[in-house]
1. Looking only at segment 25-44, filter to residues that are more than 14 Å from Arg57 (Cβ to Cβ) and touching a strand residue (DSSP E or B) at 6+ places or on another chain (Cβ under 7 Å); which one of those is nearest to the ligand (Cβ to nearest atom)?
2. So, of the residues in segment 303-357 that are aromatic (Phe, Trp, Tyr) and surrounded by 23 or more Cβ atoms within 10 Å (Cβ to Cβ), which turns out to be nearest to Phe263 (Cα to Cα)?
3. With the requirement that a residue be among the aliphatic types (A, V, I, L, M) and either without any contact (Cβ under 8 Å) to a residue 40 or more places away in the chain or buried (at least 20 other Cβ atoms within 10 Å of the Cβ) (or both), what does segment 113-130 give you?
4. What number of residues within segment 192-210 are surrounded by fewer than 22 Cβ atoms within 10 Å (Cβ to Cβ), touching a residue at least 24 places away in the same chain (Cβ under 8 Å) and of a type outside the set (Gly, Ala, Ser)?
5. Just to check your reading of the model, which residue among Arg216, Arg182 is over 22 Å from Thr121 (Cβ atoms) and away from the ligand (no atom under 16 Å from the Cβ)?
6. So which of Pro147, Pro186 ends up being surrounded by 14 or more Cβ atoms within 10 Å (Cβ to Cβ), more than 24 Å from Leu213 (Cα to Cα), in contact with a Ser or Thr (Cβ under 7 Å, 6 or more places away or on another chain) and not β-branched (Val, Ile, Thr)?
7. I'd like to verify a number: residues in segment 13-52 that are among the small types (Gly, Ala, Ser) and crowded, with 24+ Cβ neighbours inside 10 Å, how many?
8. Of the numbered conditions (1) of a type in the set (A, V, I, L, M, F, W, C); (2) farther than 22 Å from Glu43 by Cβ; (3) assigned to a helix (DSSP H, G or I); (4) more than 14 Å from the ligand (Cβ to nearest atom), Ile55 fails exactly one; give the number of that condition.
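Readers should treat all values here as calculations from the given coordinates under stated rules, not as data from a laboratory. Every value quoted in this text rests on a predicted model; they were computed, and no experiment measured them. Every residue, glycine as well, gets a Cβ built from its backbone with ideal geometry; the counts of neighbours run over all protein chains shown.
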Amino acid sequence: MRIVVAGSGYVGLVSGAGFAETGHDVVCADIDAEKIERLQRGEVPIFEPGLDALIERNVAEGRLSFTADVPAALKTAQAIFIAVGTPMRADGAATLTAVDSVAEMVAEHAERECVLVAKSTVPVGTNARLRRLVTDAKVPVHVVSNPEFLKEGAAVGDFMRPDRIVVGVDEDDTFAKDTMKRLYHPLCLDKDRMVWMDPASAELTKYVANTMLAMRISFMNEIAALCEKVGADAHKVRYGVGSDARIGPKFLYAGPGYGGSCFPKDVKALVHTARDHGVELELAATTDRVNVRQKGLLFRKLKRHFDDDLRGKRIAIWGIAFKPRTDDLREGPALTLMDALLADGAEVIAHDPEAIDNAKERYGDRVTFVEDQYAAVKDADALVLVTEWRQYLNPDFDRLKSLLRRPLLLDGRNSWSEFGVRQMGFLYEGVGVRGS
Ligand SMILES: NC(=O)c1ccc[n+]([C@@H]2O[C@H](COP(=O)([O-])OP(=O)(O)OC[C@H]3O[C@@H](n4cnc5c(N)ncnc54)[C@H](O)[C@@H]3O)[C@@H](O)[C@H]2O)c1
């Protein structure tokens, strides 16, 4: 099938390459001409494990190409996926300008009956809005909601082996149903993963899933604060609670607050949508408030160690990406920490295996970035672990001790709490754990 994926970011590139891998003929289109030129030269502009090889193979085999001429690509497509960004507005609502502009291009340029599939995360009601935008198209355009659930860092596997494929489509739209079935058939060979519903329910499902996961994290962060007061251990509580089959172990990790391009904006957007309809989602609103407070936690903890005065203190940071195995910084707790440290006059030396280029774009030379994780620690007054990349999980503690000016470890992910670091002579602080 001839597919166009509009938007070549984390979702668009992974979905485009994934569909090509299953035999479809895919064009990834983007208005960012520089990004497209890089892709055409064989460069992958983002770090996502396994994506380079997937793109290279499918380009070489002629099933995947890239263009900045979005209207030309749309003309003869049978399926057009909208995978553009839907960033947060100041009031918390999702911005739909890019989504609308793809629909407008389809209305003007489509020359073949097609499905227009919203894969971007869009508020409930967007499907109906897109239908209005394509009513005057020259050919029938069937609007479908198909939210994406992939996780950065494991996106290729998530796309190729999804837990479920949510499709919101009108009950009587057989063209759209048949097209979606055919598109995803190769991902459903071992079991049927398609979950069919009306468009509004599909749109809401994505926001509810992300908000529920965010809620688990915020709840455990609140419990971690209580653990610190009562002398309990958030790790142990997590094991104990997560081993209940009704609850499960995932998304129960206390830490420096959730970041990323999805959870913060999606929780806020859900609260905003509900308010527009006269419903107050108190749990969701609190989830967001707790997270905003949590993102300041590492900074508050650091300050306490320096009598509230961080001026001239040299602080080493391990991990800038919002989570391991991605170069995506968006809304990450490391940014909140680095902003606060710089505002307080501290010197920041940071390391990350993949996110340094993106961080340099944001901070320029206000932060020193180093290629070697131990170089960040030399003569530092504290080391803060913000993102739990694997290479940080078992550091050479003797080396850290000899490099640090002051042996303070602030472990935002509780990665070292059971390693006896206090016994080694470090000052240690985790999130809801005492450390040994
Ligand atoms: N990143 C994730 O993990 C993830 C997971 C699931 C869902 N989502 C959702 O998917 C959507 C895309 O997210 P992302 O992280 O891939 O975004 P991104 O910012 O990485 O990429 C968006 C791309 O869209 C392009 N674009 C903007 N307007 C365009 C237009 N009119 N035509 C063509 N291209 C256009 C931009 O240039 C950019 O390259 C968002 O709604 C997001 O909430 C993201």
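1. Within segment 25-44, the match that is nearest to the ligand (Cβ to nearest atom) is Ala29.
2. Phe322
3. Val115, Leu116, Val117, Ala118, Val122, Val124, Leu130
4. Counting residues in segment 192-210 that are surrounded by fewer than 22 Cβ atoms within 10 Å (Cβ to Cβ), touching a residue at least 24 places away in the same chain (Cβ under 8 Å) and of a type outside the set (Gly, Ala, Ser) gives 9.
5. Values: Arg216 fails: over 22 Å from Thr121 (Cβ atoms).
Step by step, each of Arg216, Arg182 is checked, and only Arg182 is over 22 Å from Thr121 (Cβ atoms) and away from the ligand (no atom under 16 Å from the Cβ).
6. Selected residue: Pro186, the only one of Pro147, Pro186 that is surrounded by 14 or more Cβ atoms within 10 Å (Cβ to Cβ), more than 24 Å from Leu213 (Cα to Cα), in contact with a Ser or Thr (Cβ under 7 Å, 6 or more places away or on another chain) and not β-branched (Val, Ile, Thr).
7. Here is the first cut: in segment 13-52, the ones among the small types (Gly, Ala, Ser) are 15-18, 20, 23, 29, 33, 42, 50.
Imposing the further condition that a residue be crowded, with 24+ Cβ neighbours inside 10 Å reduces the set to 15-18, 20, 29.
Within segment 13-52, residues that are among the small types (Gly, Ala, Ser) and crowded, with 24+ Cβ neighbours inside 10 Å number 6.
8. The number of the failed condition is (2).
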